[in-house]
């Protein structure tokens with residue numbers, strides 16, 4: 001009996017009609033394996049994963065393969081996006097056994113969950129043979145299987161903690177820049193060879209460090225290549241080649257939220273019109289394609305449509321002519337690099353925009369007509385679950401982009417997402433990871449949920465001045481300090497009262513998103529800068545100790561940690577803007593502060609009357625000021641004012657945008 005029909009995960013529901021007797025992850029499945037005395041077969045993937053679909057079609061929808069699975073195993077299907085903790089411990093085992101990893105991930109484990117054989121995608125003939133071989137070993141040589149499982153668990157638990165060092169200093173960050181240059185592709189941008197993933201967190205570090213060559217080359221190459229959707233905006237997951245031409249077509253919320261923020265920061269650092277266009281197009285794509293009816297943001301769009309990878313996105317010269325007519329079709333083919341030979345499969349091409357069009361009006365018209373024609377195609381599927389961590393990334397990006405480009409609709413979208421998370425995912429400072437259709441999931445939030453959502457809420461506070469968002473961020477960060485600490489300055493990825501797996505996951509290195517440890521460090525640093533909390537600042541500094549170990553030789557895996565370390569060494573700069581909410585001078589100072597290209601900048605917005613807040617009765621305690629950065633910061637005469645500070649030590653207040661710009665640029 002397949003037990004996935006009542007699940008909320010779109011990925012699990014994709015498998016609800018398989019002939020496989022799937023179980024969701026849980027103790028009930030393990031009890032069944034113990035009762036039947038058979039191993040677990042744990043299959044881990046996610047809804048937008050192309051090769052997950054391939055293995056599903058080849059094996060999980062095949063009656064004979066399903067018969068072997070059902071007869072010899074208790075089969076568990078896991079959505080890695082709902083259970084990143086389960087994914088992490090078994091990915092560690094898979095990489096330890098095979099020296100590689102990926103999805104779908106296929107794990108054979110004892111009824112207690114101890115892995116003894118792991119792999120990724122298996123073609124159907126090979127998978128059938130493997131099912132039979134594992135069954136034969138389980139029934140004929142059980143002791144060796146149990147010993148193998150115990151050995152794997154012992155080895156993984158013996159190597160769980162990355163050594164930590166001191167807070168990174170300037171020399172460590174220089175070493176990181178040198179290490180990044182060693183793998184930088186000066187001709188095509190990015191780092192290393194194919195496949196190439198958007199190095200979002202590394203780019204944040206480079207921009208914060210004032211490094212323009214590696215960051216600018218990479219950002220422009222991605223924006224002009226096929227990894228960027230030249231019609232609809234938004235980025236695909238990665239490029240299969242080293243020149244950003246052919247993407248793996250799935251489009252993830254986390255990539256686009258991170259890149260939206262990076263391109264906005266690039267514009268602030270002088271990235272020009274290309275940075276602005278890509279930021280606003282990506283923001284538009286997020287709102288148009290991923291926004292849910294409840295106001296959150298869905299997880300992903302599939303790589304496939306009609307069962308074919310990339311079919312929705314690619315074009316032939318003939319299809320361009322059919323959509324645009326002969327003249328515009330030929331012009332578009334030249335502009336977008338669409339050739340008879342094609343850059344993808346079967347003579348199709350992925351659109352690129354390697355140069356700016358000489359006729360912007362014609363380009364805008366052609367682009368709009370092609371987008372309308374594409375809308376008539378069968379769309380890729382959408383995974384519409386709302387993940388707290390990735391929505392936190394989106395909240396930060398949309399709030400900042402909306403403020404920088406004066407787009408209140410983007411700030412409103414960020415606020416609406418924050419409202420959903422606050423109302424549905426958060427209870428008493430504890431966080432649930434997912435929701436779908438307005439219904440919260442059952443899985444507890446992990447460290448990156450807390451860190452990324454706190455980061456998003458702090459950014460939203462800086463843009464709106466609504467203290468409720470900063471208070472909620474503080475509650476989440478208090479949970480991080482109380483429930484996730486490893487006692488040595490770092491953090492586990494799961495809380496101390498989370499489900500016990502064979503290993504408590506802890507990985508400080510970045511992957512597709514900032515690691516939970518570095519996400520928490522960034523939010524802790526910003527919160528401490530706004531509130532003056534020594535506890536939060538010191539926790540942030542301690543959590544960055546692993547950066548000192550990674551930076552000299554493995555900087556690509558510590559991009560967000562390096563970015564946070566850069567902010568810590570820069571102060572970070574704190575700006576208190578005070579003035580009546582309806583005074584345009586207050587708004588002008590506030591926007592000027594948000595436009596600053598300053599690492600880790602935090603902004604507090606107050607009314608300007610905080611020095612006099614209280615009852616006037618010396619026996620009645622004065623109302624505390626929140627955040628404390630606003631304490632004692634008042635108007636200058638009757639004019640709104642801005643205070644530029646580091647460590648709560650402030651320069652003289654300024655009352656004009658020119659003066660504030662000069663203060664912020666003076667270092």
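In table form, for the structure just shown:
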| read-out | value |
| --- | --- |
| Average Cα contact separation per residue, the range 300-401, under 8 Å, 6 or more apart, as relative contact order % | 31 percent |
| Distance between the range 419-434 and the range 205-282 - C-alpha centres, whole angstrom | 30 Å |
| The chain: relative contact order in percent, alpha carbon pairs under 8 Å with at least 6 residues between | 12 percent |
| Helix 516-531 vs. the chain, principal-axis angle (Cα, 0 to 90°, nearest 10) | 20 degrees |
| Nitroxide proxy distance, nm - points 7 Å out along Cα→Cβ at residue 534 and residue 497 | 3.0 nm |
| FRET efficiency, 1/(1 + (r/R0)^6) with R0 30 Å, evaluated for residue 288 and residue 359 via beta carbons | 0.70 |
| Estimated 222 nm signal from helices in the chain, with DSSP H stretches of n ≥ 4 weighted -39500 (n - 2.57), rounded to 500 | -14500 deg cm²/dmol |
| Sequence-separation-based contact order of the range 1-149, relative, with Cα cut under 8 Å and 6+ spacing, percent | 26 percent |
| Residue 327-residue 373 FRET efficiency (beta carbon distance; Förster radius 22 Å; 0.05 resolution) | 0.85 |
| Fraction of beta bridges assigned by DSSP in the chain that are antiparallel (%, nearest 5) | 75 percent |
| The chain: angle of helix 63-72 to the longest principal axis, Cα-based, in degrees nearest 10 | 90 degrees |
| Separation of the residue 112 and residue 646 label points, Cα + 7 Å toward Cβ, nm | 5.5 nm |
| Contour excess over end-to-end distance, with Cα ends at residue 31 and residue 405 and 0.36 nm allotted per residue | 129.1 nm |
| Nearest-ten-degree value, helix 142-158 long axis tilted from longest Cα axis of the chain | 10 degrees |
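Only the coordinates and a few stated rules stand behind these numbers; no lab work does. This is a predicted model, so every value here is computed, not measured. FYI the Cβ positions are ideal-geometry reconstructions off the backbone, even for glycines, and counts take in every protein chain you see.
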